[in-house]
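Note sheet for the following structure.
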Amino acid sequence: MKRSLGLCLLVCFGMLDLGSGLRCYKCSDYTGRCQNVQECTYEDSCISLSERGGKTIRQCIRYTDCDNSRLTQMFPAISGFTYRCCSSNLCNSGNAVTTATPLLAVVGSLLSVWWCSV
């Protein structure tokens, strides 16, 4: 019994992402297929900034810089854009793949708790 409880705790703690900072996609392209991941050192948010009819920029950013006037200063070469700032891991992907990751972690945790209690 103690051995299976220890195994269950090991599995549960293995699913936690302890001690790591925010991770964002980092790219500047026209395809929308961003695979590069950046560990944010001093920033607390991710941004996905899309130029009208052009490229999309994804990177780490400070949340205090997520306003139109500040972004215009930071990206002077881009005249018209839309943007979205967010603060969870890989939230600036632009697709629904990242929402499946936390859901999978929750389901996995619930299954391991159920398995341990049986």
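Evaluated against (1) under 19 Å from Asp29 (Cβ atoms); (2) at pLDDT below 95; (3) among the aliphatic types (A, V, I, L, M), Leu110 falls short on exactly one condition, (1). If you filter segment 32-70 down to residues that are without any contact (Cβ under 8 Å) to a residue 24 or more places away in the chain and over 20 Å from the mean Cα position of the chain (by Cα), you find that the one that is farthest from Gly21 (Cα to Cα) is Gly53.
Could you check segment 32-81 and list, in sequence order, the residues that are exposed (fewer than 11 other Cβ atoms within 10 Å of the Cβ) and of a type outside the set (D, E, K, R)? Correct list: Gln35, Thr41, Tyr42, Gly53, Thr64, Asn68, Ser69, Gln73, Pro76, Ala77, Ser79, Gly80. Return yes or no: is Ser117 among the polar types (S, T, N, Q), at pLDDT below 90 and surrounded by 16 or more Cβ atoms within 10 Å (Cβ to Cβ)? When the stated conditions are applied, Ser117 does not pass them. When restricted to residues that are out of contact with any Cys (no Cβ under 7 Å at 6 or more places or on another chain), of a type outside the set (Ser, Thr, Tyr), part of a strand (DSSP E or B) and within 15 Å of Cys91 (Cα to Cα), segment 26-80 contains 4. Scan segment 82-99 for residues that are assigned to a helix (DSSP H, G or I) and either at pLDDT 95 or above or surrounded by 11 or more Cβ atoms within 10 Å (Cβ to Cβ) (or both) and the total you get is 2.
The values are calculated or read from the model by the stated rules, or taken from the named source; none is laboratory data. Because the structure is predicted, anything quoted here is derived from the model rather than measured. As a convention, Cβ positions derive from the backbone with ideal geometry for all residues, glycine included, and neighbour counts pool all protein chains shown.
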